[in-house]
1. Among the listed pairs LYS32/LYS92; LYS19/LYS169; LYS19/LYS206; LYS151/LYS206, give every one whose C-alpha distance is greater than 22 Å.
2. Only four residue types carry charge here, +1 at the Cβ of Lys and Arg and -1 at the Cβ of Asp and Glu. Report the dipole size of the chain about the Cα centre in Debye, rounded to the nearest 20.
3. So how far apart, in nm, are the two label points at LYS5 and GLU28 if each is 7 Å from Cα heading toward Cβ?
4. Could the peptides 58-70, 183-195, 132-144, 84-96 be put in order, highest first, of the mean number of other beta-carbon atoms found within 10 Å of their residues?
5. At 222 nm, what helix-only mean residue ellipticity would the chain give, in deg cm²/dmol to the nearest 500, using -39500 (n - 2.57) for each DSSP H run of four or more?
Amino acid sequence: MILNKGLFLTFEGIDGSGKTMQLEMLTEDLRKANLKYLILREPGGTSISEQIRKVLLDRVNQEMIPETELLLFAAARAQLVQEVVKPALAAKSIVISDRFYDSTTAYQGFGRDMDVHFIQMLNTFATQGLQPDFTFYFDLSVETAIERLGKRTEKNDRIDLESKKFMEKTRQGYLSIAQKNPERIKVIDAERTPEEIFQDLKMELKQVIDLGG
Ligand code: TYD
């Protein structure tokens, strides 16, 4: 268990993967275990990053070109890392972010066919080289994801409205990133019930956090 320094965890997956629900369940356990933690979501988490989030996700911004999108995600992240994540880790907090730079590699790199090598350099630049200690990637088929998303259509933002093909490329991107980073990225089968997925997540987390119980 890592206690004498901060711990940085990230949750990843395509839209509809259920990662946000898992994070909410985990937050409840962290609270009960009296651990010092901070939950963040990307893009967002600072005043400037939330303003960038609005521009990125607003359905009216249909004319946004991929390059602008990429740079805005990176900009929101740079602000978040320096203003919030690094100070929290320095104060020995557990920091968990709903999405981080793997989202950019998967969505903008693989999903939008932009240069993955360049994106990885941009990610390093934006985060000043900060890497998550562990990343949980919730994997499921695009069909199941679409079925789940269908149930929350009122919430769907500009990126949720993307085509099935885009989602498929993004998923393949995640799988490829996970394969290249087996030490950092834990793949969790998200095709199952929330309770089953949560048990898996807790098993994986046991090595790094003492949740008690
Ligand atoms: P959000 O409502 O937070 O979706 P979710 O609950 O699925 O995380 O919207 C974030 C959207 O932005 C989501 O479709 C994924 C996308 N995204 C990127 O394309 N690149 C990125 O770097 C990040 C952080 C998110």
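1. Numbers: LYS32/LYS92 18 Å; LYS19/LYS169 19 Å; LYS19/LYS206 18 Å; LYS151/LYS206 33 Å.
Correct reply: LYS151/LYS206.
2. Numbers: 29 positive and 33 negative charges, 101 e Å.
Its charge dipole is roughly 480 debye.
3. Result: 3.3 nm between the two label points.
4. Values: 58-70: 12.1, 183-195: 15.5, 132-144: 19.5, 84-96: 17.6.
Packing order, densest peptide first, comes out as 132-144, 84-96, 183-195, 58-70.
5. Numbers: 8 runs with 95 residues, N = 213.
Rounded to the nearest 500, it is -14000 deg cm²/dmol.
Throughout, read-outs are computed from the coordinates displayed, never taken from laboratory work. Note that this is a predicted model, so its numbers are computed, not measured. Quick reminder, even Gly has a Cβ in these numbers, built from the backbone with ideal geometry, and neighbours come from all protein chains shown.
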